[in-house]
Amino acid sequence: MANPLDIPVVVDALSKTFKVPVREAGLGQSVMSLFKREFRDVEAVKEIRFTLDTGEIVGFLGPNGAGKTTTIKMLTGLLFPTAGTARVLGHEPWRREKELLRRIALVMGQRNNLAWDLPAVDSFELNKAIYGIPEDVFQKRKGEYIEILDVADIATKPIRNLSLGERMKMEIVAALLHGPEVLFLDEPTIGLDVTMQRRLRQFILDYNAQNGATVLLTSHYMADVSAMVSRVVVIDHGSILYDGPLAGLSDRFSAHKTIRVEATDLPEDLGQLGRVLERNPARASIEVRREDVSTVAGHLLAVATVTDLAIEETPLEDVIDRVFTSESGGSDDTQN
Amino acid sequence: MRYYRAGMRIGFQREIQYRVRAFLMLFGFMIEPTIYLVVWTSVADAQGGEIAGLTTGTLAAYYIVWTLVRVYNLAYAPDAWEWRIREGRLNEFLSQPIHPFHRDFTFFAGAKFVWTLAWIPVAVFLTLIFDPVFDWAVINVVGFVIALWGGFIVRFLMLYALGMINFWTTRGSAIFGIFIASELVLSGRLVPLELMPHWISDIAAWLPFKWTFQFPIDTFIGRLSPQEIVSGIGFQAFWSIVLALVFVLVWNRAIRRYGAVGN
């Protein structure tokens, strides 16, 4: 069994409750709130538990308000928890010890950490001083990252003059200059075009492969998740619904697969085989129960002149959507 | 030290981007002391050219140096803390291995070099108009440079500690208003403390305000003996330590309340 101190991230029964002021609408209530403010407890994170192993890239998924960002903020020392414990590289993150903060990085897709009025290279220099990066290491990494992301010409322009995608590239470079062992990425590709998303993903994957860094990633783009992670932790209403392989998510939450078939003589009664998603004279898509996939495929091959047949998992977006829309948070197979 | 050099450089570089704004800010700084100067030199003139031992030339020197001292004691204001907490803007600082204090302090320290450059034409203009009397003794000039930075450190710590109130209340701006009113009266900002009732200068002696305004000004215009300059710098050091301790104590409690709202 691995020594707990060797596990980069250990989260145990971690909870966070916010006290939120509440009042009814209207002028009278506004005046009343001057004298008596009422508060309500909102449990943003409820006794969650998970670990991240060295070099692992884990997707942290959930709808807006699920508790993802709150968890990341606790793990990076921005927030004190209400209860529970967490250790990142052996440190309690909210103590914000320099030894820890020098070894982790937080990138938030909607936040700008670089000096707005200055070129990114100036902020890189500042980070060199903040993190105490030796000059030779700094120059090597900076050169490497700038070359890989092809940003030499924009690194010298003030941040305020860059596009969102260009800014994000600079944020990522700045966040990795000190060689963090654990990376917390909160929606790093939000608002970026597809090409830019792909480029950033590859950059992070390369960083992970070369440095063995542990990565916790939140993203609403399933393309990020399917391209980068092998394991996901799914959170909703502050509780963890699933922690396991990405492939297992479909098995657990989607009881169906999709059969796409092309044939010159498709039978009329496809509706008896499953839910017909698409139908035209030469092609059809049918959603069928997992256990019926082989029977239905066999039947189609027997009754029609099939030119192409593919069995596909339910798209990840749909699986995730089912996870969050299902009241119990369990499987969409109501029979189980 | 390595960080302080880099942080101050960033502060300088950021501010130089907005040099016109810096000049306009300094130009705006002329208005407040000019009003005081006109009022008090008129009073002095009416009393035969002197009031409470201050000649019109000394008063002019006082308020011209005032403008530079004001530039130097500009610090991170408590109402900016209110914004920073409300918008979650502390997040970017807290995730780095350096205390936000150092980030803010070095930014302001670096920016002061730009503001000083913008101050020069303002000072020349005021000097030509009001005919001040300075005492350029070496001890005054050296003492002034130290006192100027000492005043900055004391005021920065005062405002930084005060800013912590925003972790408990959203009424930080109101409290900042009370601070500014107290400072006007107790620091020599409105008028040299000798022109105030005795009980006010007695209270001021026990508080840190005067070490951020009147002490550096008096040092430069030659109203203090070498012993008074040295002991004044000692008082600045004393208040810096006290305020730093207060800040650390409050910060350790305040930060537990930070909601880190937003992304």
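Any read-out appearing in this document is the output of simple, stated calculations on the displayed coordinates, not a laboratory observation. Owing to the predicted nature of the structure, the values given are computational and were not obtained by experimental measurement. Backbone-built Cβ (ideal geometry, glycine too); neighbour counts: all protein chains shown.
Only alpha carbons enter this Debye calculation for segment A:202-272, each as an equal point scatterer, and the log10 of I(q)/I(0) it gives at q = 0.13, 0.25, 0.27, 0.29 Å⁻¹ is -0.59, -1.23, -1.33, -1.40. Measuring gaps between exposed loop sites in chain A (GluC sites (Glu not before Pro); DSSP loop; at most 11 other Cβ atoms within 10 Å), the longest gap, sites not included, is A:25-267.
The distance linking segment B:7-65 with segment A:259-306 is 86 Å (Cα centroid to Cα centroid, whole angstrom). Nearest 10 degrees is fine. How inclined is helix B:2-16 to the longest principal axis of chain B, computing both from alpha carbons? In chain B, helix B:2-16 runs at an angle near 70 degrees to the longest axis. Of the residues A:Val182, A:Ala66, A:Met196, the one whose Cα sits farthest towards the positive end of the charge dipole of segment A:4-249 is A:Ala66 (charges of +1 on Lys and Arg Cβ, -1 on Asp and Glu Cβ, taken about the Cα centre). As a ratio to 2.2 N^0.38 Å, the alpha-carbon radius of gyration for segment A:79-196 is 1.12.
Note the per residue figure in Å³ for the convex hull of the C-alpha positions in the protein assembly as shown. Before the final figure, lay out each step's value.
On the way: hull volume 130.9 nm³, N = 599.
Spread over its residues, the Cα hull of the protein assembly as shown gives 218 Å³ apiece.
Over all other residues within a Cβ to Cβ distance under 12 Å of A:Ala129, the charged ones net out to +2, with Lys and Arg as +1 and Asp and Glu as -1.
Which whole-angstrom value gives the distance between the alpha carbon centres of segment B:164-185 and segment B:191-254? Centre-to-centre distance over Cα atoms comes out at 19 Å. If you wrap the Cα atoms of segment A:4-249 in a convex hull and average its projected area over all directions, you get 15.6 nm².
Viscosity 1.567 mPa s, temperature 4 °C: what is the translational diffusion coefficient of segment A:1-137 from Stokes-Einstein with a Kirkwood Rh over Cα pairs, rounded to a whole number of µm²/s?
Working: Rh = 18.1 Å.
Estimated diffusion coefficient is 72 µm²/s.
Counting residues in segment B:103-256 as N, plug N into 2.2 N^0.38 Å and put the Cα Rg over that result. Mind showing how you got there, number by number?
Working: Rg = 16.9 Å, N = 154, 2.2 N^0.38 = 14.9 Å.
Cα Rg divided by the expected 2.2 N^0.38 Å: 1.13.
Are there trypsin sites (Lys or Arg not before Pro) in segment A:33-111 that DSSP marks as loop and that have at most 12 other Cβ atoms within 10 Å, and which are they? Kindly include the intermediate steps, with their values, before the conclusion.
Numbers: sites: A:Lys36, A:Arg37, A:Arg40, A:Lys46, A:Arg49, A:Lys68, A:Lys73, A:Arg87, A:Arg95, A:Arg96, A:Lys98, A:Arg102, A:Arg103, A:Arg111; in loops: A:Lys36, A:Arg37, A:Arg96, A:Arg102, A:Arg103, A:Arg111.
Sparse-neighbourhood loop trypsin sites (Lys or Arg not before Pro): A:Lys36, A:Arg37.
Which net charge results when you count Lys and Arg as +1 and Asp and Glu as -1 among the other residues whose beta-carbon is under 15 Å from that of B:Trp149? Working shown, then result.
Numbers: positive: B:Arg70, B:Lys112, B:Arg155; negative: none.
Spelling it out: positives minus negatives among the neighbours equals +3.
Near the amide H of A:Val233, within less than 5 Å, lie the amide hydrogens of A:Gly59, A:Phe60, A:Leu61, all on another chain or at least 5 residues away, with H placed in the peptide plane. Trypsin sites (Lys or Arg not before Pro), restricted to segment B:134-215: which are DSSP loop and have at most 13 other Cβ atoms within 10 Å? Within segment B:134-215, the qualifying trypsin sites (Lys or Arg not before Pro) (loop, at most 13 other Cβ atoms within 10 Å) are B:Arg171. As a ratio to 2.2 N^0.38 Å, the alpha-carbon radius of gyration for segment A:255-313 is 0.96.
Identify the chymotrypsin sites (Phe, Trp or Tyr not before Pro) of segment B:169-228 meeting these criteria: DSSP loop state and at most 16 other C-beta atoms within 10 Å of the C-beta.
Values: sites: B:Phe176, B:Phe179, B:Trp199, B:Trp206, B:Phe209, B:Trp211, B:Phe213, B:Phe220; in loops: B:Trp206, B:Phe213.
Here the chymotrypsin sites (Phe, Trp or Tyr not before Pro) that fit, given the DSSP loop and packing criteria, are B:Trp206.
Pairs from the list A:Lys16/A:Lys68; A:Lys36/A:Lys73; A:Lys98/A:Lys140; A:Lys16/A:Lys169 with a Cα-Cα gap above 20 Å: A:Lys36/A:Lys73; A:Lys98/A:Lys140; A:Lys16/A:Lys169.
Taking Cα atoms, how many degrees apart are the long axis of helix B:172-186 and the longest axis of chain B, rounded to 10 and kept between 0 and 90? Orientation of helix B:172-186: about 20 degrees from the principal axis.
Taking a straight line from the alpha carbon of B:Lys210, these lysines sit under 21 Å away, with near neighbours fewer than eight places off in the same chain left out: B:Lys112. Computed from the C-beta positions of B:Phe125 and A:Trp116 and an R0 of 25 Å, the FRET efficiency is 0.20 to the nearest 0.05.
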